[in-house]
Amino acid sequence: MSAAGEKDYQASPSPRLAPGAGRVVGQRVTRLEDAPLVRGDGMFAADVSFPRQLAMRVVRSPIAHGRLLSIDTAAARALPGVHAVWTAADVADIPPIPFRATKVRGLEPYCQPILAAGRVRYAGEPLAVVFADDAYLAEDAADLVVPDIEELPPVLDATAEPAEFLPGHSTEPTVVRKEYGDVAAAFRDAHAIVELALSVGRHSGVPLETRGAIARYDASRDLLELHGAAKKQHWNRDEIARLLGRPPAGVHLFEGHVGGGFGVRGELYPEDLLVCLAALRLRRPVKWIEDRREHMVATNHSRQQHHRIRAAVDGQGRLLAIDDVFFHDQGGYVRTHGARVVDLAAGMLPGPYRLPAYRVAGHFRLTNKTPAATYRAPGRFETTFVRERVMDAIAARLGLDRVEVRRRNLVTPAEMPHARPLDTLGTAVVLDSGDYPGLLDTALDRFGWTALQADLARRRGAGECVGAGIGFFVEKSGLGPSDGVRIAVDKTGGVELISGAASVGQGVETVLAQICAEALGIDYRRVRVVRGRTDRIEFGNGAHASRVTVMSGSATYRAALAVRAMALETAAGLLQAAASELSIVDGHVVRLADPGAPLMPLGEVARHMGPDSALMVGRTPGLSAERWFHSAHMTYPYGVHLAVVRIDRGTGEVRVERYLVANDIGRAINPMLVEGQLAGGFVQGLGGALFEEFRYDETGQPLSTTFADYLIPTLAEVPPLDLIVSEQAPSPLNPLGVKGAGEGGTNGVGAAIASAVDDALRRPGAVVSLPILPRTVHALLRT
Amino acid sequence: MKPPVFEYHRPASLTEAVDMLGGLENARLLAGGQSLMPMLAMRFAFPDHLIDLNRIPALAGIAEDGGTLRVGAMTRQRDLLDHPVVRARLPMLAEALEQVGHRQTRNRGTVGGSLCHLDPAAELVAVATALDAELEIAGPRGARTLPMAAFPLGFMTPALEPDELLTGLRFALPALPQGACFTEFARRHGDYAIVSAAAILWPRDGRIGRASITLGGVGPVPVRLEAAEAALAGQRADAESFAAAAACCGALDPMDDAQVPAWYRRRLAATLVRRALTTAWERADVR
Amino acid sequence: MHDVTLCLNGDVHRIRVEARRTLLDAIREDCGATGTHAGCEHGVCGACTVLLDGEPVRSCLMFAVQADGRELRTVEGLAKDGVLHKLQQSFIDHHALQCGYCTPGFLMLAAGLIEADPDLSDAALIDGLSANLCRCTGYANIVAAVRAVLGRAPS
């Protein structure tokens, strides 16, 4: 690992990137990631294999809740080709999976052990693991493992009175409460109060690639490697090392290609620890590839909440207070996120509106289902649905137009930055910048909202059941505290950018390369981005919470500017010019006065800065720099979703006819990739609004365990989508002005479609739960 | 999701296949595999022997034979869908096949495989019932034929002895002018239907001469809506008649589960019957 | 165990497999062509789509032994002499992939569809492409990429 060229890592203020499109920032350039992926040269988890590897298979609980009396592994052990079978007793020295993302105390008793001991708490919980010569054989052996479980009544309703989790611990480990303003007075003095009970169904990321983990132990170097990592490799590395009693430097995690993350992949799961432990104990590489049915019961679920919300308004429909009590269905254990989704829901519920008083109580409740955690727009998809249902209800109650009610309540540009006496993820909620009414107008205009109303009225007159809906949202992004990037130029002019960020397939490499290239004055295709591995950089925060472009992007910008300054200083000496007269264009040093005449390639500057160069005597060699970006506050993207739906009266089917997502993200580094994020995010939101649900029967048996039962939308279900990528409100919190673009496409879909279905039914408030099922709509049509 | 161990057999002829089926314990036939493979991958099925019918040329093929179309059991759904005689003379069969899975599954999935799997929601089961297909069955005691209506004995249970196999089926090519429609409701494009309806109307003197209405996905086996068929005979083909026919669905006793309650299946059936009849009449040659 | 000969992208692979080995696993593990991906292993997602004698099929729904002697094409066979197939280039140009996991399946499905019918209608294209699941792109760019190869302007 090369040392950085100089050591000033302090967060010295750097110039902001000039607004508008640059040579490569702001351009729709094609992705660096794509060539290997379209050729079939990708390296996804299942593509990683090592000689002599064993296949691991997890034996999972067939029962939702019960006492685990015994596990008979004799037949499995006797099968030729089986090397080991472990139950909880074999891993008793390994602590349960810890938390990384919660301030809430007292959750430790609810952590998941890597293999169930004593109790089973959801169907699908790991009970035992089998290690065999190949995956077929491992599955044969797993079928021979026989658990004896005494069934207990399952807890399946998070709104029911809490039960006992363990003696002395109820199934409600905490209630997340936030409050400001005089809520009681607001309700006392209100012109009107609306009250709603609303539910969001259990669904999740469900990436096309299932999880996978491949561990090997290199005894020659006393090094444990875990492949198939994603999202949070540094934190996971540190925790795996701690739990296995190894120094962090003796464990390395490697992220290859990642077949979609969406929040669920890359958290520390029992299987990650089990393969590592097995590689150490069995002294052979161990490979685990989750199968799809496992995925549906093993990988984090999300979203399921029930809200009882009241809003007090004045005579003009202006919000005076919101009082929300909600119940979060966490499933069988608390996983790495702790109570994060509840905290986010509570902190983000007010959204874009001026809210004088607010009180929320988020009941975090354990049930006997697959544990839940974050999924794209966690806590926001849910609360945007809830809040926007409230706004529609206010409009209906006061006889006001739905758009007008929102307009009256939106925080205006003059009120920015808008601080709320509220926090989430441990940071104060300060809406940093934005023109909410402006984007609303732009979106309505683009969608032809006014003319649309007349057209819908005409179609209704002709017997159609059609309607339009709206949802306004505020996202959050750029969670701190810090990210660092190291950039080094080699003798050929090639650039290596080493980041602690991760990539779950969204285009991180291209975006960081674009920022680097813009600042440095080179072709973005010369930048090789290293990410997702712990052996190349000491720290990293991975990829989550729409933070990479904001945090790692800003660090990249700083590091590239530093490298540029070093290159110009060196070139100035070599060229007998003042550094201030020089620039870098297309990878060559040029005079500002004559930018078309290349004077010296950047690689040559790097060569002059090598360890053998006389110029570097007494200095740290290398044309390289490491820079960090720190942020104490998140930055808040925002947007509008608009939908038109048509309901089939005969079946209750809701078809979305067309849709618009408008999202202000401050600056689009690559508009094509931003649009890709919004489009893909929208279809996931569409899934949660109309199709996708993890259902359970009354005994806690999961019913959505295949792709035939868990309905991911296909192309045929996706309507024409219009996108507005707005850059009206650059973030003042980072030098690029960027806000995250990963979650705005998903955030408002449930809200907008619910609003549109109400409108089609001509029944405000008809939709009270997601997903909106055809049979529910059909029943509404008949009542 | 790896299939369990089994012994694989690949007979080259029908005789060989019949012999194997009669001689091997716990054997299953492998046709297109589009339903059996998922069942094996999920380890819902544990056959000791799989008899692969894919390399018996005589089992596949489509031939027009006088007034009938003979379809070998191992004919791919795609080949049947693309067959010019099906397109021209049995458009309802094509309409149903277009809604069977997707291109990849129709390229492998066979006509006989789908019929013998007998999923209550399968389009081919419903449409073969609607078209009164005649099934050809072979076994150690020789060949026999069976009308499609007599084939499903119950939920996913065909009227085949353990040592028998379906070799083909015959569709009568319609001689009289008629209009037909197959329509279904599925949550997503390509999914199994929740409910499907197949309607055939034979016009006579500008009115409905005869009607055939078949529902799939309502019960464990396809249902003929006989009351509605009888009521429609001789009626004017208008919205009122079709609504009255659809109302007969109120008497159905459909399958009931958490996802699709019986009341909803009944209403879907009524909607689809009305739509199928309306479209069938639009397609009927009433000159 | 069964001796099976697979003709994969023009190369002959003689492999020895259990009868129960899926074609998907044989392509990936025994032939080493890991570009074909497992998405569900029960025939819904289409990630494992390959061309069998020119027609798209789901390789998780066949046994390797059944493909004995048949011609198989996978994503690795699309580029010729280092030059990307026009579908591959178009997927890049239209940002028709994000994580890239479903991409080989979509490429082979699209290749099968347009080779069978170079004049494929838009309706037939959408019908055909709705066979596979993508969780990242929202599909529109995949359609745009294939339409461009068919010589059609963006809609």
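The values are calculated or read from the model by the stated rules, or taken from the named source; none is laboratory data. The structure displayed is predicted, hence computed values, not measured ones. Heads up, the Cβs are rebuilt from the backbone with ideal geometry, glycines too, and the neighbour counts pull from every protein chain shown.
Summary of values
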| quantity | calculated |
| --- | --- |
| Residues located in segment B:1-55, provided they are away from chain C (no Cβ under 13 Å), within 20 Å of B:A73 (Cα to Cα) and in a loop (DSSP other than H, G, I, E, B) | B:P11, B:A12, B:S13 |
| Residue, surrounded by the most Cβ atoms within 10 Å (Cβ to Cβ), within segment A:377-401, restricted to residues that are on the phi < 0 side of the Ramachandran plot and in a loop (DSSP other than H, G, I, E, B) | A:P378 |
| Within segment B:82-95, considering residues that are buried (at least 19 other Cβ atoms within 10 Å of the Cβ) and closer than 22 Å to B:P57 by Cβ, the one farthest from the other protein chains (Cβ to nearest Cβ) | B:V86 |
| Condition met for B:A237 (in contact with a strand residue (DSSP E or B) (Cβ under 9 Å, 6 or more places away or on another chain) and small (G, A, S)) | yes |
| Among the candidates B:G154, B:G234, B:G217, residue that is at pLDDT 95 or above and surrounded by 17 or more Cβ atoms within 10 Å (Cβ to Cβ) | B:G217 |
| Residue check for B:R108: within 24 Å of C:V44 (Cβ to Cβ), modelled with pLDDT of 95 or more, more than 11 Å from the chain's Cα centre (by Cα) and basic (K, R) | yes |
| Enumeration of residues in segment A:37-74 that are closer than 30 Å to A:V511 by Cβ and either free of Cβ contacts under 8 Å to residues at least 40 places away in the same chain or in contact with a helix residue (DSSP H, G or I) (Cβ under 6 Å, 6 or more places away or on another chain) (or both) | A:L37, A:V38, A:R39, A:G40, A:D41, A:G42 |
| Segment C:63-85 residues that are over 10 Å from C:N9 (Cα atoms), paired with ones that are among the small types (G, A, S) (beta carbon under 6 Å, 6 or more apart) | C:A64/C:A26; C:V65/C:A19; C:H85/C:A79 |
| Any hit, segment A:676-697, residues being at negative phi, touching a Lys or Arg at 6+ places or on another chain (Cβ under 6 Å), of a type in the set (F, W, Y) and buried (at least 23 other Cβ atoms within 10 Å of the Cβ) | yes |
| Test result for B:G190, within 28 Å of A:S704 (Cβ to Cβ) and within 14 Å of chain A (Cβ to nearest Cβ) | yes |
| Segment A:252-267, subset buried (at least 24 other Cβ atoms within 10 Å of the Cβ) and away from every other protein chain (no Cβ under 14 Å), residue farthest from the chain's Cα centre (by Cα) | A:L253 |
| Top-ranked residue in segment C:135-149 [being within 7 Å of another protein chain (Cβ to nearest Cβ) and touching a residue at least 24 places away in the same chain (Cβ under 8 Å); ranked as surrounded by the fewest Cβ atoms within 10 Å (Cβ to Cβ)] | C:N141 |
| Extreme residue, nearest to the other protein chains (Cβ to nearest Cβ), among residues of segment A:225-251 that are closer than 22 Å to A:A135 by Cα and outside any loop (DSSP other than H, G, I, E, B) | A:H227 |
| Residue that is nearest to the other protein chains (Cβ to nearest Cβ), among those in segment C:26-39 that are touching a residue at least 24 places away in the same chain (Cβ under 8 Å) and buried (at least 24 other Cβ atoms within 10 Å of the Cβ) | C:G35 |
| Lone qualifier among C:V44, C:V50 - being within 12 Å of chain A (Cβ to nearest Cβ), among the hydrophobic types (A, V, I, L, M, F, W, C) and part of a strand (DSSP E or B) | C:V50 |
| Residue satisfying condition, being closer than 30 Å to A:L226 by Cβ and β-branched (V, I, T), within set A:T549, A:T620, A:T570 | A:T549 |
| Selection within segment C:9-23 - surrounded by fewer than 24 Cβ atoms within 10 Å (Cβ to Cβ) and either within 12 Å of chain A (Cβ to nearest Cβ) or out of contact with any Cys (no Cβ under 6 Å at 6 or more places or on another chain) (or both) | C:N9, C:G10, C:D11, C:V12, C:R14, C:I15, C:R16, C:V17, C:E18, C:A19, C:R20, C:R21 |
| Looking only at segment C:24-41, and only at residues there that are part of a loop (DSSP other than H, G, I, E, B) and of a type in the set (A, V, I, L, M), the one that is farthest from B:R43 (Cα to Cα) | C:A33 |
| Within segment C:65-75, tally of residues that are buried (at least 24 other Cβ atoms within 10 Å of the Cβ) and either modelled with pLDDT under 95 or within 12 Å of chain A (Cβ to nearest Cβ) (or both) | 2 |
| Strands (runs of 3 or more DSSP E) fully within segment A:594-711 counting 1 or more residues that are within 14 Å of chain B (Cβ to nearest Cβ) and not small (G, A, S) | A:638-647, A:654-664 |
| Residue match in segment B:96-103 (condition: among the acidic types (D, E) and within 11 Å of chain C (Cβ to nearest Cβ)) | yes |
| Failed criterion for A:P154 (all others in (1) more than 14 Å from chain B (Cβ to nearest Cβ); (2) buried (at least 23 other Cβ atoms within 10 Å of the Cβ); (3) part of a strand (DSSP E or B) hold) | (3) |
| Top-ranked residue of segment A:417-470 - restricted to ones that are among the hydroxyl-bearing types (S, T, Y) and modelled with pLDDT of 95 or more, ranked as nearest to the chain's Cα centre (by Cα) | A:Y436 |
| Whichever residue in segment C:102-127 is surrounded by fewer than 24 Cβ atoms within 10 Å (Cβ to Cβ) and of a type outside the set (A, V, I, L, M, F, W, C) and, among such residues, is nearest to C:L8 (Cα to Cα) | C:G112 |
| Set C:L78, C:L87, C:L97: member being more than 30 Å from B:L50 (Cβ to Cβ), crowded, with 20+ Cβ neighbours inside 10 Å, at pLDDT 95 or above and facing another protein chain (nearest Cβ under 7 Å) | C:L97 |
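Here is a yes/no grid of residues against (1) modelled with pLDDT under 95; (2) more than 11 Å from A:G467 (Cβ to Cβ); (3) in a helix (DSSP H, G or I):
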position	(1), (2), (3)
A:G745	no, yes, yes
A:G750	no, yes, yes
A:D758	no, no, yes
A:R763	no, no, no
A:A766	no, no, no
A:I772	no, yes, no
A:R775	no, yes, yes
A:H778	no, yes, yes
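Results for (1) more than 28 Å from A:Y696 (Cα to Cα); (2) surrounded by fewer than 24 Cβ atoms within 10 Å (Cβ to Cβ); (3) free of Cβ contacts under 8 Å to residues at least 40 places away in the same chain; (4) not assigned by TED's automatic domain parsing to the domain that holds A:N409, shown as yes or no for each residue.
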residue	(1), (2), (3), (4)
A:A279	yes, no, no, yes
A:V313	yes, no, no, no
A:H337	no, no, no, no
A:V342	no, no, no, no
A:G347	yes, no, no, no
A:P352	yes, no, no, no
A:F364	no, no, no, no
